[in-house]
1. I'd like the full set of residues that are farther than 16 Å from Val720 by Cβ and at pLDDT 80 or above, limited to region 686-701.
2. Which one of the conditions (1) at pLDDT 85 or above; (2) farther than 27 Å from Tyr543 by Cα does Lys589 fail to meet, given that it meets all the rest?
3. Check whether at least one residue in region 614-622 is in a strand (DSSP E or B), of a type in the set (Lys, Arg) and farther than 26 Å from Val522 by Cα, and report yes or no.
4. Could you name every one of the helices (runs of 4 or more DSSP H) located completely within region 148-199 that has at least 3 residues being of a type in the set (Ser, Thr, Tyr) and more than 18 Å from Thr42 (Cβ to Cβ)?
5. If only one of Ile204, Ile254 is modelled with pLDDT of 80 or more and assigned to a helix (DSSP H, G or I), which one is it?
6. Please tell me if Gly664 is open to solvent by less than 80 Å² (accessible area, probe 1.4 Å), at positive phi, under 60 Å from the mean Cα position of the chain (by Cα) and of a type outside the set (A, V, I, L, M, F, W, C).
7. Can you tell me which residue within region 19-78, out of those that are among the aromatic types (Phe, Trp, Tyr) and crowded, with 21+ Cβ neighbours inside 10 Å, is farthest from Asp129 (Cα to Cα)?
8. Can you confirm whether Glu172 is at pLDDT below 90 and out of contact with any Ser or Thr (no Cβ under 8 Å at 6 or more places or on another chain)?
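The values are calculated or read from the model by the stated rules, or taken from the named source; none is laboratory data. All values reported here derive from a predicted model rather than from experimental measurement. In this analysis, Cβ positions are derived from the backbone assuming ideal geometry, glycine residues included, and neighbour counts consider all displayed protein chains. Side chains included, ligands, DNA and RNA excluded: accessible areas come from the protein's heavy atoms. Shrake-Rupley method; radii C 1.70, N 1.55, O 1.52, S 1.80 Å.
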Amino acid sequence: MGTSFSVNDQKELDKVMSEAVNSDNISRDAFDLNPILLSLQTAHIATEEIGLGRDGVIAILIYNMVLSNIFTIEQTREAFGESVATIINGLVRIQDLYKKNPVIENENFRNLLLSFAEDMRVILIMIADRVNLMRQIRDSKNTEAKQQVSEEASYLYAPLAHKLGLYKLKSELEDLSLKYLEHDAYYMIKEKLNATKRARDTYISNFIKPIDEKLKKAGLRFHMKGRTKSIHSIWQKMKKQKCGFEGIYDLFAIRIILETPKDYQTLSDEALRKLKEQEKMQCWQVFSIVTDMYTHNPKRLRDWLSVPKSNGYESLHATVMGPEQKWVEVQIRTERMDEIAEHGLAAHWRYKGIKTSEGGADEWLANIRSALEAGDDLQVMDSFKTSLNEDEVYVFTPKGDLLRFPKGATVLDFAYHIHSKVGSQCVGARVNGRNVTFRYTIKSGDTIEVLTSSNQTPKREWLNIVKSSRAKSKIRLALKESQAKDGLFAKELLERRFKNKKVELEESVMMHLIKRLGYKEVSDFYKQIADGKLDPNEIIEKYIEVRNHDQNINPQRPAQSAQTFEYSNPDEQIARANDDVLVIDRNLKGIDFTLSKCCHPIYGDPVFGFVTVSGGIKIHRLDCPNANELRKRFGYRIVKARWSGKGSSQYAITLRVIGNDDIGIVSNITNIISKDEKLVMRSINIDSHDGLFSGNIEVMLDDTSKLEKLIKRLRTVKGVKQVSRI
């Protein structure tokens, strides 16, 4: 097999394999094939066609013994070293994945496979093993098993082999898959190719000869390759183009590769730019020579010289009509371009139209490919370890479906991925048969079964447990729906209590109360009621206090102290003159409105209108305590409003005054108001405690300018510390 073993290696291998041969533990597989013989055949492919060294070959030979419990991984480590043990461990882990019956066509499975491999030689051994198996099952009567391994070869192993640069093995896997899966198609194409092989070889030779002469005459240095496409490739084109064998345009393919200086990678940027320009000119020169000799199909021209593919692929593809009216595809490129196409990040694979995701897996495989093509330095390849960046984890559902999640995701992420209801009722999970909490961080290869309870509901702290944006958005939505449901229940409860106590519930007063209780969100207020943290009876009492304060309804109360001062002018009526004008919404005038009692807007205040349930319009100040909540909850009922003219109306304004309880303070305040003929004082209530006084003064005035003057004058009174509008 071309692999040198030490005397000790041979001795240990002879011992283990003799024990395996004489053991009753090793049984034939589903195809009635001998596992020991299969491992020898696989080792031959791995050395001759892939180039695996000592560690990889020993791992192939020992693997079945480990699976059959004839030899342990620990014994392998002692007898053959850590590297062999690591490879076998990777093969065993992947064998466990297969037991979960995954959907192998799933792109997630390929990435999970790579993350589980640990050592790149595991993937190479798997490819060699599948090639060998596909060769050996030709005459097997187990059609179901044959179909399964053929599908895996087509969907999984052939793409991996191609990406690793193992083109011969890739082509063999594809052709054998087609042979077993679509027997009639395979043999139809094979027979037609066999019938025309000699003629085809002669044709390619005749096609190339005149081109070769012309290119040499032009002074170009190049080499050419002529080939017939693989049976699988021809069949794919027949299906894609919906035509028969004879209708395939490019059954023949010729590649013309122009020489590139060997040291082009050491050139400066400027020198490399000039080289690329020169290469383009040479490629188009070859194109001109070929199309002068053979008629080309303009619709089949593919120019990736002028604008290379996003992955860096550069080439010129032309399909020309050769002798005997047969179409031939001609690919024109330089050695530099060919190297990029062959060695780049799966450039050729994507060019063939096989989709894959960008990221760590591609880069990992490209690095392996470079190691493979080192050729004479196989130790580099043998010691190469995976550097696949595990930013993602891949886990199984109980049915074997494979799902992808960001690294650090938890059982809750998984549950919400399955369904919103499953996530919201998740109480934990059974991972690989073991019970865990929903905080458990899932790992690649885990099989997860979610445990739910109808009593479970989403919590806000769950947002800190999940990692995926999908789970976060579903939790937020669930919380919002739950809060809305609780809020509706609490609101109905409160309304019933108000009705029982025969207290009329005004929305604006309730908004004011909620604000005074310190709630920024109305939903939070109702949630506290729903949770039993607020007593509806206490809320009603506080509501009445706020309503009385807002509407200046002052119940009779006993004198609190000698310092208490009260004054009211009940005969003074508040009226809005007919000549007051407000423009509502889109320049509409003459619409009936009332001024809100929660913020008492006056002429000059920036205002807006709010359409009430009864259909009337209430005018609020823009800085009304309830404005934000009204906009948030009832934005569709907000209308624009502005003062369009000043009438003769006077407006009730309440001022809050705080200061030191000096002798004569009340008379000083009332004198300032009474001296202004255009001001009318409606009421004043001042309480004094421990040398400080605070109180409310209600006055009637014309507009905001009068209000500002009054506030400034009151602030000049000795002992007054603060004056503010309520």
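1. Across region 686-701, the qualifying residues are Glu698, Met700, Leu701.
2. Single failed check for Lys589: (1).
3. no
4. Result: 167-181.
5. Exactly one of Ile204, Ile254 is modelled with pLDDT of 80 or more and assigned to a helix (DSSP H, G or I), namely Ile204.
6. When the stated conditions are applied, Gly664 does not pass them.
7. If we take residues in region 19-78 being among the aromatic types (Phe, Trp, Tyr) and crowded, with 21+ Cβ neighbours inside 10 Å, then Phe71 is farthest from Asp129 (Cα to Cα).
8. Against the criterion (at pLDDT below 90 and out of contact with any Ser or Thr (no Cβ under 8 Å at 6 or more places or on another chain)), Glu172 does not qualify.
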